[in-house]
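Q: First, the structure itself, so that you have it in front of you.
The values are calculated or read from the model by the stated rules, or taken from the named source; none is laboratory data. Everything numeric in this text was worked out from a predicted model, so none of it was measured. Here Cβ is always computed from backbone atoms with ideal geometry, including for glycine, and neighbour counts include all displayed protein chains. Heavy atoms of the whole protein, side chains included, go into the accessibility calculation; ligands, DNA and RNA do not. Shrake-Rupley method; radii C 1.70, N 1.55, O 1.52, S 1.80 Å.
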Amino acid sequence: VDYYPPPKHKMIIEPFAGSARYSLKYWQNDILLVDKYERLITIWLYLQQATISDIKQLPILKKGENLNNFNLLTTEEKDLLGFMIQAGVNAPRLTCTEAGVRNQVTAKNNIIRDLHKIKHWRIKCGSYAELENMEATWFIDPPYQFGGEYYRVSNKNIDYKILSNWCKEREGQIIVCENTKADWLPFKHLKKIQGMAQTNTIEVIFTNHEPNTLF
């Protein structure tokens, strides 16, 4: 996220919110998060009203423990923990792995550190197509054209020609993320990174404000 251009507008809109890394970096701005995956949005809304004490009281699962056995947790708390026990997955998991024990500790510390940042954000469930066009920094990170089939709302649900036109019509600053296989916008190389499966991938960008291209 550090390689993308900083926002030029006070308002930041993420229409495919996910983990909202861009908004967290510039959290003091006016933020609007939108995502079609309802379980994800309910987690964000839970975090927005949660206290540090609420997060500290969440259990740390041991290897082999299953969230279905934690009857005192709410659905939102179980879903949050389901993402915490395995990073980079498309939906909350139930059974904690050995790596999941470590993941939880790191994730809980990160949440406690960042919890105050999201109190003023607007967060809602919905489609990018429903958003009003306004002058803002639009950070658009949809399921990738190639490789985005594993999301709960996947690339199979997206007409990239329609999305391309929609992106180019946004008022203000446009930042679109993809990888090198994508062809629905004239993307440029941004940065070579290591993916979740320990493989190298090249991030590309479309923007109406030129970044410092790194490769």
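Q: So the check is Cβ under 6 Å with 6+ separation or different chains; which pairs have a first residue in segment 1-28 that's closer than 23 Å to residue 107 by Cα and a second one that's part of a loop (DSSP other than H, G, I, E, B) and of a type in the set (D, E, K, R)?
A: Partner pairs satisfying both residue conditions: 16/141.
Q: Also: Quick check on residue 95: is it closer than 20 Å to residue 44 by Cα and surrounded by fewer than 18 Cβ atoms within 10 Å (Cβ to Cβ)?
A: So residue 95 does not fit the description; no.
Q: When you scan segment 1-26, how many residues do you find that are open to solvent by 60 Å² or more (accessible area, probe 1.4 Å) and not in a helix (DSSP H, G or I)?
A: Total meeting the criteria: 6.
Q: Could you say which residue among 12, 31 is of a type in the set (Val, Ile, Thr) and farther than 25 Å from residue 91 by Cα?
A: 12
Q: Turning to a different aspect of this structure: Of the conditions (1) over 19 Å from residue 3 (Cα atoms); (2) crowded, with 19+ Cβ neighbours inside 10 Å; (3) at pLDDT 90 or above; (4) of a type in the set (Phe, Trp, Tyr), residue 160 clears all except one; give me its number.
A: All conditions are met except number (2).
Q: Can you name every residue in segment 42-79 that is aromatic (Phe, Trp, Tyr) and open to solvent by 40 Å² or more (accessible area, probe 1.4 Å)?
A: 70 - this is the single residue of segment 42-79 that is aromatic (Phe, Trp, Tyr) and open to solvent by 40 Å² or more (accessible area, probe 1.4 Å).
Q: Right, here's the next one. Between residues in segment 42-67 that are farther than 14 Å from residue 118 by Cβ and residues that are basic (Lys, Arg) and open to solvent by 40 Å² or more (accessible area, probe 1.4 Å), which pairs lie under 7 Å by C-beta distance while being six or more apart or on different chains?
A: Hits for this filter: 67/78.
Q: Something else: Which ones in segment 56-81 are in contact with a helix residue (DSSP H, G or I) (Cβ under 6 Å, 6 or more places away or on another chain) and either polar (S, T, N, Q) or under 30 Å from residue 138 (Cβ atoms) (or both)?
A: 76, 79, 80
Q: Inside segment 98-147, can you point out the residues that are surrounded by fewer than 17 Cβ atoms within 10 Å (Cβ to Cβ) and within 15 Å of residue 43 (Cβ to Cβ)?
A: Of everything in segment 98-147, those that are surrounded by fewer than 17 Cβ atoms within 10 Å (Cβ to Cβ) and within 15 Å of residue 43 (Cβ to Cβ) turn out to be 110, 114, 115, 124.
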